[in-house]
Amino acid sequence: MKPHTFAGLLVAAVVTSGLALASYASNNRVSRPKVSGAPLVTGLAANAGRIARVEISQGEKSVVLALDGNAWVVANRGNYPARAEAVRSLLVKMAEADLVEPKTNMKDRFGLLELEDPAGKDAKSRLVRLLDAKGGVISEVVIGKKRFDAFGANRAGTYVRRPNETQTWLASADLEASVGAKDWVAPAVLDVQPAKIAAVTIEVPGEPPLKLVRDAAGGPAPKFNIANLPADKKAKDGAAPDTLVRAAATLDLDDVRKADPGAKADAGTVTIEGEKGLKVVIGLRKSGDDTWATITATGADGEAKTHAEEIAKKTAGWDYKLPAGKASAILKKQADLVEDAEPKKDAGTPKQ
């Protein structure tokens, strides 16, 4: 998205929002408190065409959103594609926000509003910096705690301050400025419908593979069974192979980074075999307490090839950090789902 195009959209969004609010107020019998005041960021809509970079930091965490040609990307995540509407939403809210009510100007009380120094190790405040293409600062704002229903039902405000000022304010906007990459990108990275899956094989180092196959009955909500169960084994009560298949076939990211081509899947591998030759391989590896996934996909022809190309277009060259608990929900061993079957009772010698 070009800067002047983005500027036009931002201005249009601010004007449209203002007209909508005015129309609502004139037709709503419930009185609303006045929330006008000095702008949080003076002239932001007029300067929207200059914005080329948005930096958000909190302690040691940060996310950097930048214009790369016509698109917004997460610059400190290898230029992974960002959602333009998420960036635009933040800028529109900042442009609309007014400083409505002065609060404390005592530094030792900043923490109560989550407006302490954003660079602090345990800071809850976030510093938002808007920059131009040459790195010049257009505006800086420290965003703190949200105050729900500050201006009536379902109208939240946010505590803010400018970095070079001690005066804090309640602003008339619900400002969201997360340092989590997942909040600025499309979080879904894999979604293979169970009805199109023939089998899922889970391989954990040092353990025999666990293979789950679709029941012959099929249907839109197919059942899956544990393949090749020995006669002396049975599925545990509550083993839920169906749940395991769905967990493996649907992945959302918690974070993202450029893939390391030489890295090994030391935590395990999940292979999804779909209809008509679709094959998706998820390589999992540990990094401290985190689990990262690399996804590859192939398809023989037709629909399988098209689906594989769609997956590869999104995932090729990237590692995805899985949400907490997702890896443990996928990396199951045979021992987690299988137990010894009860021996058949001896019918005894028939009576003469």
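With a cut-off of 16 Å on the backbone N, the residues of the range 218-258 near the modelled label site 7 Å out from Asp290 along Cα-Cβ are 252-258. Mean-square fluctuations from a GNM of the chain, with a 10 angstrom spring cutoff on Cα atoms, peak among Thr296, Thr104, Thr271 at Thr104.
Once the convex hull of all Cα atoms in the range 101-178 is built, its volume per residue stands at 103 Å³. Neighbours of Lys196, meaning other residues whose beta-carbon lies under 11 angstrom from its beta-carbon, give a summed charge of -2 when Lys and Arg score +1 and Asp and Glu score -1. Counting only lysines at least 8 places from Lys103 when in the same chain, those with an alpha carbon closer than 26 Å to its own are Lys34, Lys93, Lys121, Lys124, Lys145, Lys146. The gain in end-to-end length when the Glu275 to Ala324 segment is fully stretched comes to 14.6 nm, 0.36 nm per residue minus the alpha carbon separation.
Calculated mean residue ellipticity, 222 nm, the chain: -6000 deg cm²/dmol, from DSSP H runs (n ≥ 4) at -39500 (n - 2.57) each, averaged per residue and rounded to 500. Local charge for His307 was computed over the other residues whose Cβ lies under 14 Å away, with Lys and Arg +1 and Asp and Glu -1, and equals -1. Straight-line reach from Lys333: which lysines fall under 28 Å, measuring Cα to Cα and dropping same-chain residues less than 8 apart? In chain and number order, the partners are Lys196, Lys211, Lys223, Lys233, Lys234, Lys236, Lys264, Lys276, Lys279, Lys286, Lys321, Lys344.
Residues whose amide H lies under 5 Å from that of Ser139, counting only those 5 or more places away or on a different chain, are Leu130; hydrogens are built 1.01 Å from N in the peptide plane. Taking the Cα atoms of the chain, the ratio Rg/Rh between the radius of gyration and the Kirkwood radius comes to 1.12. Nearest 10 degrees, 0 to 90: what angle lies between the long axis of helix 3-27 and the longest principal axis of the chain (Cα atoms)? Once rounded, the angle reads 80 degrees.
Using θ = phi - 60° in the Karplus curve 6.51 cos²θ - 1.76 cosθ + 1.60, the 3J(HN,Hα) couplings for the range 69-74 round to x, 9, 10, 8, 9, 8 Hz; x is entered for Gly and Pro.
Using 0.36 nm per residue and subtracting the Cα-Cα separation, the extra length available between Ala133 and Glu342 on full extension is 68.1 nm. The region of the chain that goes longest without hitting one of the trypsin sites (Lys or Arg not before Pro) in a DSSP loop, each with at most 16 other Cβ atoms within 10 Å, is 265-332. If you sort the three axes of the alpha carbon gyration tensor as a ≥ b ≥ c, you get a/c of 1.5 or more for the range 188-340 and a/b no higher than b/c, which makes it oblate. Taking the Cα centre of the range 108-243 as origin and assigning +1 to Lys and Arg Cβ atoms and -1 to Asp and Glu Cβ atoms, the resulting dipole is close to 160 debye.
The numbers here are math on the coordinates, done by the rules we state, and not lab data. All values derive from a computational prediction rather than experimental measurement. For neighbour counting, all protein chains shown are included, and Cβ atoms are generated from backbone atoms with ideal geometry for every residue, glycine included.
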